[in-house]
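Take a look at the structure set out below.
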Amino acid sequence: MLEGKDTELSSWAQRNGINPASYSFKAAQLMGDMRERRAEAALVKQLEFKHEDPRIQAVVRTRAADALARMRSAAAVKPLAALVSEPDAGVRGEYTHALARLGGRDALPALEKAAGQGHWYAREAALEALTMLGDAREQPVLEKLAAAEPAKTAAECEALGGEGCGDPEALAKKRVEMIARHGKRLEAAKACGTDTGCWVKKLEDADKGVVSRAAMEVGRGRSAAHVGVLLARMTEKDPDTRMALILGTEWLVEDAKDAAALARSALPTLEKQLSEEKSSTEYVRSNEDLRRLVARLQRQK
């Protein structure tokens, strides 16, 4: 289905007026959920998917990006880095978020370039991934971006207008402050490096961005002993931070011996949380990932 080789399905879709790209989209999602490595090459190829409708093209590519990030595909880093110049902020955000989950420093040059290109929300998407992956070496980059922001904001307001452009100087000041907040993740990385114990302590940080990065760094640390500290924070109110906590827990369950057994003790609490929050629209996306985690733990009983 992902490769478009199911001729019977393709014929049925054509007869019924269904765009075959919808199957590529769904197949990519399922391959990512199942961490199906046999689909890796096909998913990487989907990052180059072309369609006359840019919306269809974007949705197929971004679902492939998400699937590759879920299976932690090293082969996806280079092609994803080539896509972060995408002008649409939402689409760029999908690519940069995938790179942040994949980890490593290989995508940093592309993210640095993208953080200085496009309108603010597109720049910020690249900036967020840059600070999720970088360390003290990227602090001068943020200083450079902050220095350039007033001129960029003024030009953007003159060309496009938009919220806050009644006072471009005040808007630029606000954005420079936001760049500084993103930079707190680099400060944490400078302090902790690869010390997982240090990152565990950063889970208590007042800054949600630091907590998100800490959750992912703890997840990459491969220590089953830390799965409990991530699970204890699953009621985190900020949806993005909760997503990072779930992701870190998933990685430990996949990679660390005994982590799944330790995590299963939290199943009743997690199941209760999902039940209590089932009508909460705020956590729809994060709780889909929490539901996947719960299902995995239930299967491993």
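Brief remarks follow.
- Hits in the stretch 213-266 - residues which are loosely packed, with under 15 Cβ neighbours inside 10 Å and not in a helix (DSSP H, G or I): A232, T235, K237, K257, D258, S265
- Leading residue by the ranking (nearest to the chain's Cα centre (by Cα)) among those in the stretch 259-278 that are of a type in the set (S, T, N, Q) and closer than 16 Å to R242 by Cα: Q273
- For S24, the conditions (1) more than 30 Å from G162 (Cα to Cα); (2) open to solvent by 30 Å² or more (accessible area, probe 1.4 Å); (3) out of contact with any Ser or Thr (no Cβ under 6 Å at 6 or more places or on another chain); (4) not charged (D, E, K, R) all hold with the exception of (2).
- Out of R92, R101, one residue alone is within 25 Å of E217 (Cβ to Cβ), in contact (Cβ under 8 Å) with a residue 60 or more places away in the chain and assigned to a helix (DSSP H, G or I). It is R101.
- Residues satisfying the stated conditions in the stretch 174-198, i.e. more than 28 Å from Y121 (Cα to Cα) and either in contact with a strand residue (DSSP E or B) (Cβ under 8 Å, 6 or more places away or on another chain) or free of Cβ contacts under 8 Å to residues at least 40 places away in the same chain (or both): A191, C192, T194, D195, T196, G197, C198
- For the stretch 267-301, filtered to residues that are open to solvent by less than 70 Å² (accessible area, probe 1.4 Å) and assigned to a loop (DSSP other than H, G, I, E, B), the residue that is nearest to S223 (Cα to Cα) is E277.
- Matching entry among D66, D106 (being among the acidic types (D, E), part of a helix (DSSP H, G or I) and over 24 Å from A159 (Cα atoms)): D66
- Qualifying residue in the stretch 48-68 (condition: closer than 25 Å to K184 by Cα, surrounded by fewer than 23 Cβ atoms within 10 Å (Cβ to Cβ) and among the basic types (K, R)): no
The values are calculated or read from the model by the stated rules, or taken from the named source; none is laboratory data. These numbers were taken from a predicted model, which means no experiment stands behind them. Note: ideal-geometry Cβ built from the backbone for every residue, glycine included; neighbour counts use all protein chains shown. Note: accessible area is taken over every heavy atom of the protein model, side chains too, but ligands, DNA and RNA are not part of it. Shrake-Rupley method; radii C 1.70, N 1.55, O 1.52, S 1.80 Å.
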